[in-house]
Amino acid sequence: MATSSWKNSLSARQISGILEVLDLCGDAEDGRELKHAVVDAVSSVFEVPDVTFFFGPTYAELFADPAPILTGATGTMFPEYQDRWQDKDVFALPEARGTLSRIGFADLDQLTTLPAPQRSYVEDYLYTYGTGTASALHLRFANGEALVGMFNRVHAWNPSDRLCLTVLARQLRARTRFVAHDGPAAGPEGPSGPDDPLAVLSPRQFEVARLVSEGMSNLEIARCLSLSELTIKKYVSRIFDATGHRNRASLAAAVHRRNAGLTRG
């Protein structure tokens, strides 16, 4: 399906999803913030539990990224990926690379044939961890290329979904091609280390955490940030997972402790 037909082919929900991802990424000030914003937005808006971000100076080199962004189950999967599967990644295949480079999106179901090593990657690696589907967005930065990997247990993309993600990739590329990837992302400015679990949060996640600490409900935060209440609910859930806090009161206390540390500093 040609991307030129997207206006007549995408639903209002899909178009809204594209715009919401772009909006969530709009406040990123540099490459470090932008890559985290992309991962957070894709995961929240398109309901993908496990998202990764790999970067390299060239397409071939990005699979060897020593410090990719890993969310959900992919953090557990990564050591084995480095040891056994990096050179067998299905998206390194010429067919996948051609599709990704040309239109910006590809998924496992689109690959017509898999050589034995890549079939093993799917069956003996992805399936072993409960991952039934895999897809990727390809982005070009000013100083290299990136793949945003999306992994799910059972959710597969239909043709309309694929078109939606292809349009999204094209729009994100328009932004990233002028941005330099600046290496490992930093957390929000302030004290970090084992006593500061909030250091793992992206700038947008920390903004949501700060509003939680002010006593705002998900609906109030959504209105403040011009996002949907469902998106904020997902952000809060991801913040709990990332920081280990189990409720809003505990998270709020951590934000207040962090702010007190900044004041003393």
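The values are calculated or read from the model by the stated rules, or taken from the named source; none is laboratory data. Note that this is a predicted model, so its numbers are computed, not measured. FYI the Cβ positions are ideal-geometry reconstructions off the backbone, even for glycines, and counts take in every protein chain you see. Keep in mind that these areas ignore ligands, DNA and RNA; they rest on the heavy atoms of the full protein, side chains included. Shrake-Rupley method; radii C 1.70, N 1.55, O 1.52, S 1.80 Å.
Estimated purely from DSSP H runs of n ≥ 4, each contributing -39500 (n - 2.57), the mean residue ellipticity at 222 nm for the chain is -14500 deg cm²/dmol once divided by its residues.
Which net charge results for the neighbourhood of residue 56, defined as the other residues with beta-carbon distances under 10 angstrom from its beta-carbon, given Lys and Arg at +1 and Asp and Glu at -1? My count for the surroundings of residue 56 gives -3. Around the Cα centre of the chain, unit charges on the Cβ atoms of Lys, Arg, Asp and Glu (plus for the first two, minus for the last two) sum to a dipole of about 520 debye.
Calculated FRET efficiency, residue 240 and residue 153, Cβ-Cβ r, R0 25 Å, to nearest 0.05? The formula returns an efficiency of 0.75 here. Stretching residue 160 away from residue 30 to a fully extended chain increases their span by 43.6 nm, per 0.36 nm per residue minus the current alpha-carbon distance.
Note on the chain: with neighbouring protein chains present and a 1.4 Å probe, carbon and sulfur make up 52 percent of its accessible heavy-atom surface. With a Förster radius of 30 Å applied to the C-beta separation of residue 19 and residue 143, the computed FRET efficiency comes to 0.60. Each residue of the stretch 96-107 was assigned a 3J(HN,Hα) from its phi angle through the Karplus curve 6.51 cos²θ - 1.76 cosθ + 1.60 (θ = phi - 60°); the sequence is 5, 4, x, 5, 5, 5, 7, 10, x, 9, 7, 9 Hz, with glycine and proline shown as x.
Neighbours of residue 84 by Cβ distance under 15 Å: Lys/Arg scored +1, Asp/Glu scored -1, total -4.
Counting heavy atoms of the protein chains alone, residue 58 has an accessible area of about 60 Å² for a 1.4 Å probe. Taking 7 Å steps out from each Cα toward its Cβ at residue 182 and residue 102 produces label points 3.6 nm apart.
The C-alpha radius of gyration of the stretch 1-138, expressed as a fraction of 2.2 N^0.38 Å, stands at 1.10.
Taking the longest Cα principal axis of the chain as reference, the axis of helix 159-176 is set at about 60 degrees.
Near the amide H of residue 145, within less than 5 Å, lie the amide hydrogens of 56, 58, all on another chain or at least 5 residues away, with H placed in the peptide plane.
The figure for residue 97 is an accessible area of roughly 100 square angstrom, using a 1.4 Å probe on the protein chains alone. Label-to-label distance, residue 214 versus residue 60, with points set 7 angstrom from Cα along the beta-carbon direction: 5.1 nm. Between residue 250 and residue 12, full extension at 0.36 nm per residue minus the direct alpha carbon distance yields a gain of 81.9 nm. Residues in the chain average 48 Å² of solvent-accessible surface per residue, probe 1.4 Å, ligands and nucleic acids excluded. Relative to the current alpha-carbon distance between residue 127 and residue 113, full extension at 0.36 nm per residue lengthens the span by 3.3 nm.
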